[in-house]
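Here is the structure we will look at, set down as structure tokens.
What follows is calculated from the coordinates using simple rules that are stated; it is not laboratory data. As the structure is a computational prediction, the values presented were derived from the model and not from experiment. As a convention, Cβ positions derive from the backbone with ideal geometry for all residues, glycine included, and neighbour counts pool all protein chains shown.
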Amino acid sequence: MASAEFRALAEFRYRIRMFLNGSEEAARAARLEPQQYLLLLALRGLPLGRQAGIQELAERMQLRHHSVVELADRLEGRSLLRRECSRDDRRQVILHLTPRGEKILTRLAKQRIAELRTAAPALVRSLTLVMKSVKGGKRARS
């Protein structure tokens, strides 16, 4: 790999981390742990037709089942989400945002979208450099 490829990849990762660090700080400012914010976001942002079961959310967050259960316990304790047994399978628990959870999530998501509008050009430039440096899985000639 050429030095330019490493630089492009490192820059892309740096831009992603800047955005993610901002999300973590915003969550903490809203008195949420970053993973709690991500669970609320994953719950509200599920693709159409998907149910917000623990396993589905664990997959979306790339966490273990028990980690999502613990996050849900804490969020439920703060009245940010509620559990309900599935109508189709009483063994399955479906999570729902409460109005309070929706309000906090909406405020955070609006902040993050505003930040993304600012950060997007640099993020896109860095991704474009990565993609140009590696064309079709083969290294581009310098």
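Here are some notes:
- Averaging the sequence gap over all C-alpha pairs within less than 8 Å and six or more residues apart, then dividing by the number of residues, gives the range 3-133 a relative contact order of 33 percent.
- Spin-label model distance (nm) - Lys103 vs Arg87, 7 Å beyond Cα toward Cβ: 2.8
- Shown here for the range 1-107: trypsin sites (Lys or Arg not before Pro) in loop regions (DSSP other than H, G, I, E, B) with at most 12 other Cβ atoms within 10 Å, namely Arg31, Arg50, Arg64, Arg87, Arg90, Arg91.
- Angle between the chain longest axis and helix 3-29 axis [Cα atoms, degrees, rounded to 10]: 30
- Each label was represented as a point 7 Å from its Cα along the Cα-to-Cβ direction; for Val69 and Tyr14 these points are 4.3 nm apart.
- Think of the range 3-133 as a dipole: +1 on every Lys or Arg Cβ, -1 on every Asp or Glu Cβ, centred on the Cα centre; then among Thr118, Leu43, Leu63, Thr118 lies furthest on the positive end.
- Kirkwood-based shape ratio for the chain, expressed as Rg/Rh from alpha carbons: 1.09
- Only DSSP H runs of four or more residues enter the estimate; each adds -39500 (n - 2.57), and after division by the residues of the chain the mean residue ellipticity at 222 nm equals -22500 deg cm²/dmol.
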